[in-house]
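We did not get these values from a lab; they are worked out from the coordinates using the rules stated. Everything quoted here is computed from the prediction, not taken from an experiment. Note that we place each Cβ from the backbone using ideal geometry, even for glycine, and neighbour counts take in every protein chain shown.
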Amino acid sequence: MKNPFYNRDIVSIKDFQRPDLDYLFKVADNLKTNLPNDSLSDKSIGLMFFEPSTRTRLSFESAMNSLAGNSISFGDPSSTSTQKGENLSDSLLTMDQYVDAIILRHASEGVSRYASEICQSPIINAGSGSEEHPTQAMLDVFTIMKECGKVDGLNIAIFGDLKYGRTVYSLLYALSNYKPNIHLVSPKPLQLRPDPLLELQDRLNITTHDNLQDIISDLDVIYTTRIQKERFPDLQEYERVKGSYKIDINLLNQAKENLILLHPMPRSDEIPSEIDNTVFAKYFNQVSYGKLIRSTLLYLIFTENSSF
Ligand code: NCD
């Protein structure tokens, strides 16, 4: 199969289908043991983070380092000319002159698509408002594959703030390439937005629940998300729902012994730290798979004929 990622924008997970994901995961498996560690020595990436980040930014930088490429970045737009009123397109076109690919995170939906239309370099969407986070979805599905051996037939609960969490949408669209049973579990005010739900119901077997208790013994995966305080248009609404969901360690006594707990991170209080020492906690493995998937993506975006 031809490398489907070569010179490609990664704006939406909806632009990629199961053969593309299978290709990515196969190369990731091979790269893990045979990292061609000087393969991107003539390439550079520019990271433009208009919103905070720890894992996404560091994993891309670390991935680029491990392939001998260069990176330049900002993580605080107030230290850039944005603060002087420079418009977004001028900032994007400037970065476009310096690097071979741009990793972009922004609070507004649609910005990555816009960037992909005006820039020469491939754009990798590292989070666009409440809309999407495609590379997170790739690493999330890869983590499920590695930890559970498959995706088809699994009972996967997505738990938490499903309304505003962008990782939730990208993950659900990614999972719609497979045949899992999806259980959406959230407080009522934080349920999935209606339009994507309608679209996803056509492609996935989805049921909704008020709590994990009712389904815990059937689950293979629980994917928990943080309440997205910064996305609430009304902070009073946030105050009403904050702290309204949490994984209770006692609940895990009723779980299958090979249940895995995932979280895109950062967490607030929805996974108490006492759970970290249980066999279920796989969220730091997920962080580690994140670097591997992002290394693989960068390698494939820049390498037309992959030798893997
Ligand atoms: C997520 C994000 O930015 O959407 N973080 C991440 O990239 N792993 C999740 C979040 O902020 O809750």
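Could you tell me what fraction of 2.2 N^0.38 Å the Cα radius of gyration of segment 16-138 comes to, as a two-decimal ratio?
1.09
Using Cα pairs closer than 8 Å and at least 6 residues apart in sequence, work out the relative contact order for the chain, in percent.
Values: 553 pairs, mean separation 65.1, N = 308.
The value is 21 percent.
Report, in degrees rounded to the nearest 10, the 0 to 90 angle that the Cα long axis of helix 88-98 makes with the longest principal axis of the chain.
On a 0 to 90 degree scale, this one is about 60.
Dipole size in debye (nearest 20) for the chain around its Cα centre, Lys and Arg Cβ +1, Asp and Glu Cβ -1?
It works out to roughly 320 debye.
Kindly put MET1, MET265 in sequence by how many other C-beta atoms sit within 10 Å of each C-beta, fewest to most. Intermediate results must be reported in sequence, preceding the final value.
Working: MET1 8, MET265 19.
Going from sparsest to densest Cβ surroundings: MET1, MET265.
What Kirkwood radius, in Å to one decimal, follows from the Cα pairs of segment 246-308?
Values: mean 1/r = 0.0719 Å⁻¹.
When all Cα pairs of segment 246-308 are included, the Kirkwood radius is 13.9 Å.
Working from Cα positions, state the angle (0 to 90°, nearest 10) between the long axis of helix 18-33 and the longest principal axis of the chain.
80
Looking at segment 95-169, what % of the alpha carbon pairs are farther apart than 19 Å?
Above the 19 Å cut-off, segment 95-169 has 47 percent of its Cα pairs.
Using the Cα atoms of segment 134-286, I'd like the radius of gyration and the largest Cα-Cα distance, Dmax, both in angstrom.
Computed over the Cα atoms of segment 134-286, radius of gyration and Dmax are 14.4, 43 Å.
If I take every Cα pair under 8 Å that is 6 or more residues apart in segment 180-273, average their sequence separation and divide by the length, what percent do I get for the relative contact order?
Numbers: 95 pairs, mean separation 32.2, N = 94.
Reported as a whole number, the value is 34 percent.
Can you put LYS163, LYS229 in order, fewest other beta carbons within 10 Å first?
With the fewest neighbours first, LYS163, LYS229 line up as LYS229, LYS163.
Considering only Cα-Cα distances, which of the following residue pairs are longer than 21 Å: LYS150/LYS246; LYS14/LYS43; LYS32/LYS256; LYS163/LYS246; LYS14/LYS246; LYS256/LYS282?
Numbers: LYS150/LYS246 27 Å; LYS14/LYS43 27 Å; LYS32/LYS256 29 Å; LYS163/LYS246 16 Å; LYS14/LYS246 30 Å; LYS256/LYS282 15 Å.
From LYS150/LYS246; LYS14/LYS43; LYS32/LYS256; LYS163/LYS246; LYS14/LYS246; LYS256/LYS282, over 21 Å: LYS150/LYS246; LYS14/LYS43; LYS32/LYS256; LYS14/LYS246.
Quick one: divide the alpha-carbon radius of gyration of segment 188-253 by 2.2 N^0.38 Å and tell me what you get.
That works out to 1.31 for segment 188-253.
Evaluated at 10 °C with a viscosity of 1.306 mPa s, what Stokes-Einstein diffusion coefficient in µm²/s does the chain have when Rh comes from the Kirkwood expression over alpha-carbon pairs?
80
What's the longest uninterrupted piece of the chain once you rule out the GluC sites (Glu not before Pro) that are loop residues per DSSP with at most 14 other Cβ within 10 Å?
110-256
On a 0 to 90° scale, report how tilted helix 134-148 is relative to the longest principal axis of the chain, with both axes built from alpha carbons and the result rounded to the nearest 10.
The angle comes out near 50 degrees.
Using 0.36 nm times the number of residues separating SER268 and SER89, minus their current alpha carbon distance, what extension gain do you get?
So the chain would gain 61.0 nm between SER268 and SER89.
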